[in-house]
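The values are calculated or read from the model by the stated rules, or taken from the named source; none is laboratory data. Here the structure is a predicted model, which means the values were calculated and not measured. Cβ placement follows ideal geometry from the backbone for every residue including glycine, while neighbour counts extend to all protein chains displayed.
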């Protein structure tokens, strides 16, 4: 019985949370409906608590609001404040450490390229998205269309990934890179200093 009451309390709190997230984004129900494919009436009933949230409804809403599902349902804290980064080892020995955990939107990744990787002849590739790379240490070779660039620490490159490209480490020591990647072509927003009057 206590479990049932806890579940009801959690589900009742979802509606106001959804309304607050939508209002914070300055979005209307119609705009959110267009973005998620969930009808305006269903969204309205979810926010008012007249409809019980389901996973099928919450997943697109979590993506649209760019928050983890846990945040939508108010899941309790796990008690461990540490962020447990899980490196992934990819093609040519490149290690990728995801730095963001939210679904969708721009993803931040730390990449570590071992010396002289990937090996072999560079193969240019294209895919949907937009990339921004900042060299933390070492040297990074970037083939971008007809350009052949070598970037050092503190240098940045940004490009539309539909342009044929290849990235590698030409040096004898590891290269560390901070990459921001927008899978749907999202770009970083750079704020400029206000003009002086």
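Taken over segment 81-97, the criterion of being surrounded by 10 or more Cβ atoms within 10 Å (Cβ to Cβ), assigned to a helix (DSSP H, G or I) and at pLDDT below 80 is satisfied by 92 alone. Mind counting the residues in segment 26-53 that are within 24 Å of the chain's Cα centre (by Cα) and assigned to a loop (DSSP other than H, G, I, E, B)? Number of matching residues: 5. Scanning segment 117-136 for residues that are out of contact with any helix residue (DSSP H, G or I) (no Cβ under 8 Å at 6 or more places or on another chain), part of a loop (DSSP other than H, G, I, E, B) and loosely packed, with under 13 Cβ neighbours inside 10 Å returns 120, 121, 123, 124, 126, 127, 128. The listed residues are 137, 173, and the only one of them that is out of contact with any strand residue (DSSP E or B) (no Cβ under 7 Å at 6 or more places or on another chain), modelled with pLDDT of 90 or more and over 17 Å from residue 105 (Cβ atoms) turns out to be 173.
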